[in-house]
1. If you check every pair at least six apart or on different chains, which have Cβ atoms under 7 Å apart with a residue in the range 339-368 that is touching a residue at least 40 places away in the same chain (Cβ under 8 Å) first and a residue that is among the hydroxyl-bearing types (Ser, Thr, Tyr) and in a helix (DSSP H, G or I) second?
2. In the range 398-411, how many are surrounded by fewer than 16 Cβ atoms within 10 Å (Cβ to Cβ) and either within 16 Å of the ligand (Cβ to nearest atom) or within 37 Å of the chain's Cα centre (by Cα) (or both)?
3. (1) surrounded by fewer than 24 Cβ atoms within 10 Å (Cβ to Cβ); (2) among the acidic types (Asp, Glu); (3) not in a helix (DSSP H, G or I): which one isn't true of Glu273, the others all being true?
4. Can you pull out every residue in the range 288-319 that is in contact with an Asp or Glu (Cβ under 7 Å, 6 or more places away or on another chain), surrounded by 17 or more Cβ atoms within 10 Å (Cβ to Cβ) and more than 21 Å from Lys398 (Cβ to Cβ)?
5. Looking at the structure I just gave you, is Ser237 more than 24 Å from Thr388 (Cα to Cα), outside any strand (DSSP E or B) and within 16 Å of the ligand (Cβ to nearest atom)?
6. Quickly run through the range 124-175 and pick out the residues that are of a type in the set (Lys, Arg) and either under 19 Å from the mean Cα position of the chain (by Cα) or within 16 Å of the ligand (Cβ to nearest atom) (or both).
7. Which condition does Gln416 not pass, out of (1) under 32 Å from the mean Cα position of the chain (by Cα); (2) in a helix (DSSP H, G or I), if it passes all the others?
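The values are calculated or read from the model by the stated rules, or taken from the named source; none is laboratory data. It should be emphasised that the depicted structure is a prediction, and the values quoted were computed from it without experimental measurement. Neighbour counts are summed over all protein chains in view; Cβ atoms, including those assigned to glycine, are modelled from backbone coordinates with ideal geometry.
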Amino acid sequence: MKKSALQRVRSEYQPKLPKALQGPVKVRIGEATESVADQEEIKKLFPHTYGLPIVQFESSEEPEHVEEPFNVGIILSGGQAPGGHNVVSGIFDGLKRLNKENRLYGFLMGPSGFINHQYMELTAGYIKEYRNTGGFDIIGSGRTKLETPEQFERGLKILKELNIKALVIIGGDDSNTNAAVLAEYYQNIGAGVQVIGVPKTIDGDLKNKWIETSFGFDTACKVYSEVIGNIQRDCNSAKKYYHFIKLMGRSASHIALECALETQPNVCLISEEVLAKRMTLDNIVSYLCYVITERAKLGWNFGTVLVPEGLIEFIPSMKALISELNDVLAEHSSEMEGLDEMDKLRKIHSYLTPVNADLYKSLPKHIALQLSLDRDSHGNVQVSLIETESLLSEMVAKRLDEMKESGEYSGKFNAQHHFFGYEGRCADPTNFDADYTYALGFNAAMLINAGLTGYMSSVRNLTEKSEDWIAGGIPITMLMNMEKRHGHMKPVIQKALVNLNGKPYLKFASMRETLALNTLYQYPGPIQYFGPAEICDRPSMTLLLEHDKDIN
Ligand code: FBP
């Protein structure tokens, strides 16, 4: 693999570990836990892995106790997130510190490699090429849902063949839900296999007190913020376009909010607020037109609008439609096969209740079709395929035309559309993500050595220096609740959405009107790997604000 000059130097970077993981560890057992909701149902579904205690690692004077060398398997699951390669490096280094004979196997292309027995041994020489790089290409990733006993049994066969005693699943909320189900299954049948999860997702929606952020969020937001800043300079130079910028994040608006704090655009929509205020599509369009007409009065026919990817699902009327569409598509999928676009729309329309049918019909055809695409393997609408940014700008343009006719608006409106998502998912991790992911991986090796299963690797205190980070594990079941998926109630990890009483949102809300009616863009510039810590190691604004830190 030919490396760029930066990659060559960057590959030498040695991620920093928390003090507790720098030498032998001992385990401190904390309080027993409960799931975030639906305790009785979750307890019944996870009799062996429910209610386990939180654990924390501390430095030990005693050498680590490792009876026999052991083997570990890993799966990279779901969307790519910067730092995945360092999780693998961290696990590898942790295993080798415990015993030089320990081995690490990677299942190829996500959970399907596990089920279909496609794997490779990850050796020191192979891993070296991937240290501190972005991407999941070290073994590939995939979205196959691990959920049936047949899949678990097929996986167990290869685990036994390779003498693997623990499986690490590096994934988001859905993949970690699968990790919990698998841990419970193996525990129940006495398979002698531990399962450990690692919190990954650029979306930033897998978090709580013990998982302060999911890995990849920091890097992805910094990449998007750099490009949004560049667009804002362009916008402010030419002064002739409104840029509608959709940002990944599936349901939650954490990425949009973080980028807004970093770049100070004229508008940033927050899906969670839209839901809380029960806003309609029409209300959103009215707000955008208000900002555009007010700016036009000041002579400014340009601006930037950040749109979270999941917005459409949070508009209550759209949410009701999508929820019914999910059920209709799940129940009648076979009838849709082979239909052309118009017939598919007609068929779906015929199954909808009158209110939803009317709304469905009123949408531009391309948006109705995008809403009717197959769900992903976890039953989620593939929001990255819905062009919300163009839906909004089309509706705004139409409304502004009407306002022009009635004399309420006399400006010019030209829109540009952007969607930033895939651009940031495989960037080389920031120092923060490089250190965090390496620590998460190393820590996972320690959780395995402690004999734990059904746990998620937890490294916290992240706004402090990395040596002061706190390492340990939390039972995955404590993150779970019951939700409807594919038409059935299922135990799943509850998504952490933007908290409207939280500091990041309140900070943005306090600036919103000023940002809308002025031009106060910030230009964060590219990620820096070398230089002063305040530039290179600074965590996300979201994390800083959530920890009562100053962001100026
Ligand atoms: P994960 O939850 O698996 O980390 O993926 C997040 C994400 O990047 C979302 O932001 C986006 O909606 C989705 O993946 C896109 O999925 P795909 O890579 O399958 O197109």
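1. Leu359/Ser317
2. 1
3. (3)
4. Phe314 - this is the single residue of the range 288-319 that is in contact with an Asp or Glu (Cβ under 7 Å, 6 or more places away or on another chain), surrounded by 17 or more Cβ atoms within 10 Å (Cβ to Cβ) and more than 21 Å from Lys398 (Cβ to Cβ).
5. No.
6. Result: Arg143, Lys145.
7. With respect to (1) under 32 Å from the mean Cα position of the chain (by Cα); (2) in a helix (DSSP H, G or I), Gln416 is out only on (2).
Let's see how each residue does on (1) free of Cβ contacts under 8 Å to residues at least 40 places away in the same chain; (2) polar (S, T, N, Q):
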residue: Leu447; (1), (2): no, no
residue: Asp468; (1), (2): no, no
residue: Asn481; (1), (2): no, yes
residue: Val498; (1), (2): no, no
residue: Asn552; (1), (2): yes, yes
